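Trainee: Here you go, one structure.
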Amino acid sequence: MKSIILFVSVFLLNVSALKSEIVSFTMSAEVERNTSIGLDKDFVANYIKDLQIYPKFFPNIVSVSKLNDKESEWLYRVEAPLATPYNLTFILEDKSSGDTLLFESKDKTNDYLFCQGILSQPAENKTKIVFLFKISMTREKASDIHFLAGVLGEKFLSEQMKDKLEGDLETFISKATKDMYIANRTSGK
């Protein structure tokens, strides 16, 4: 009888230890949008490289501060259903090259943000941009993200996050494009 109790105790301890090692909760979203702008590719590239347009036109990007030549700090407001919005800070590294604008989180463990714009010029004074945004948050416990996260589940919350990010990207493209045309007219190009 003692050996059965000992076996059950050891088994339960191992299951508890294993469960605590593999339990984590991740919310993530990835969205991609294409747009064409009737402006020169160099003008568009210079415009979207300006980090100040993101908090100005991208909902929930609260601020972007350049830290040095390659790094910037992005403050992003997370709005989860039935919860008070809160801010996350991301340190992004500029990995841009050629016709690709790319900012990616240096630390990819808990909070991750990826922003990419690929430019091409299919015709004179016409630029095509493919935007790709990814965000993820991983926490040890679901309740660290949201008090109902365990009940709502990773899939549901990730879908909500994706829907929100899709809307935010559409808003950004629309507002930034309008501003780009205004900036182009006022620069005399």
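The values are calculated or read from the model by the stated rules, or taken from the named source; none is laboratory data. Treat the numbers as computed from the prediction; the structure is a model and nothing was measured. Every residue, glycine as well, gets a Cβ built from its backbone with ideal geometry; the counts of neighbours run over all protein chains shown.
Trainee: THR89 - would you say it is within 25 Å of THR26 (Cβ to Cβ) and of a type in the set (S, T, N, Q)?
Mentor: Details: within 25 Å of THR26 (Cβ to Cβ): yes; of a type in the set (S, T, N, Q): yes.
So THR89 passes the test.
Trainee: Is it fair to say ASP111 is under 19 Å from GLN160 (Cα atoms), of a type in the set (D, E, K, R) and surrounded by 15 or more Cβ atoms within 10 Å (Cβ to Cβ)? Explain how you work it out, then say what you get.
Mentor: Numbers: under 19 Å from GLN160 (Cα atoms): yes; of a type in the set (D, E, K, R): yes; surrounded by 15 or more Cβ atoms within 10 Å (Cβ to Cβ): yes.
For ASP111, the condition - under 19 Å from GLN160 (Cα atoms), of a type in the set (D, E, K, R) and surrounded by 15 or more Cβ atoms within 10 Å (Cβ to Cβ) - is met.
Trainee: Against the definition (out of contact with any Asp or Glu (no Cβ under 6 Å at 6 or more places or on another chain) and over 26 Å from SER105 (Cβ atoms)), how does ALA183 come out, yes or no? Even if it seems obvious, please write down each step before you answer.
Mentor: Details: out of contact with any Asp or Glu (no Cβ under 6 Å at 6 or more places or on another chain): yes; over 26 Å from SER105 (Cβ atoms): yes.
Spelling it out, ALA183 is indeed out of contact with any Asp or Glu (no Cβ under 6 Å at 6 or more places or on another chain) and over 26 Å from SER105 (Cβ atoms).
Trainee: Could I ask something else about it? Take the residues of segment 115-155 that are small (Gly, Ala, Ser) and part of a strand (DSSP E or B): which is surrounded by the most Cβ atoms within 10 Å (Cβ to Cβ)? If you could, list the steps in order and put the result at the bottom.
Mentor: Narrowing segment 115-155 to residues small (Gly, Ala, Ser): 117, 120, 123, 136, 142-143, 149-150, 153.
In the following step, the residues that additionally are part of a strand (DSSP E or B) were identified as 117, 120, 123, 136.
Numbers: GLY117: 20, SER120: 12, ALA123: 9, SER136: 18.
Applying the filter and picking the extreme gives GLY117.
Trainee: I've got another one for you. Among (1) over 19 Å from the mean Cα position of the chain (by Cα); (2) closer than 19 Å to LEU101 by Cα; (3) part of a helix (DSSP H, G or I), where does SER174 come up short?
Mentor: With respect to (1) over 19 Å from the mean Cα position of the chain (by Cα); (2) closer than 19 Å to LEU101 by Cα; (3) part of a helix (DSSP H, G or I), SER174 is out only on (1).
Trainee: Could you say whether any residue in segment 64-85 is of a type in the set (S, T, N, Q), loosely packed, with under 15 Cβ neighbours inside 10 Å and under 17 Å from the mean Cα position of the chain (by Cα)? Write out each step before concluding.
Mentor: Here is the first cut: in segment 64-85, the residues of a type in the set (S, T, N, Q) are 65, 68, 72, 84.
Remaining after also requiring loosely packed, with under 15 Cβ neighbours inside 10 Å: 65, 68, 84.
Still in the list and also under 17 Å from the mean Cα position of the chain (by Cα): 65.
Yes, segment 64-85 contains at least one residue that is of a type in the set (S, T, N, Q), loosely packed, with under 15 Cβ neighbours inside 10 Å and under 17 Å from the mean Cα position of the chain (by Cα).
Trainee: Ok, one more. Please name all residue pairs, on different chains or six or more residues apart, with Cβ atoms under 7 Å, provided the first residue is in segment 106-132 and is in contact (Cβ under 8 Å) with a residue 60 or more places away in the chain and under 14 Å from LYS95 (Cα atoms) and the second residue is of a type in the set (Ser, Thr, Tyr) and not in a strand (DSSP E or B).
Mentor: none
Trainee: Turning to a different aspect of this structure: Counting just the residues of segment 112-139 that are in contact with a Phe, Trp or Tyr (Cβ under 6 Å, 6 or more places away or on another chain) and within 17 Å of PHE25 (Cβ to Cβ), which one comes out modelled with the highest pLDDT?
Mentor: Restricting attention to segment 112-139, the residues satisfying the condition of being in contact with a Phe, Trp or Tyr (Cβ under 6 Å, 6 or more places away or on another chain) are 113, 115, 117, 134, 136, 139.
This time we only want the ones that are within 17 Å of PHE25 (Cβ to Cβ), so: 136, 139.
Values: SER136: 89, ARG139: 82.
For segment 112-139, the residue satisfying everything is SER136.
Trainee: Does segment 84-102 contain any residue that is in a strand (DSSP E or B) and either in contact (Cβ under 8 Å) with a residue 60 or more places away in the chain or in contact with a helix residue (DSSP H, G or I) (Cβ under 9 Å, 6 or more places away or on another chain) (or both)?
Mentor: Residues of segment 84-102 that are in a strand (DSSP E or B), as a first pass: 86-94, 97, 100-102.
With either in contact (Cβ under 8 Å) with a residue 60 or more places away in the chain or in contact with a helix residue (DSSP H, G or I) (Cβ under 9 Å, 6 or more places away or on another chain) (or both) added as a condition, the list becomes 101.
Yes, there is a match, as at least one residue in segment 84-102 is in a strand (DSSP E or B) and either in contact (Cβ under 8 Å) with a residue 60 or more places away in the chain or in contact with a helix residue (DSSP H, G or I) (Cβ under 9 Å, 6 or more places away or on another chain) (or both).
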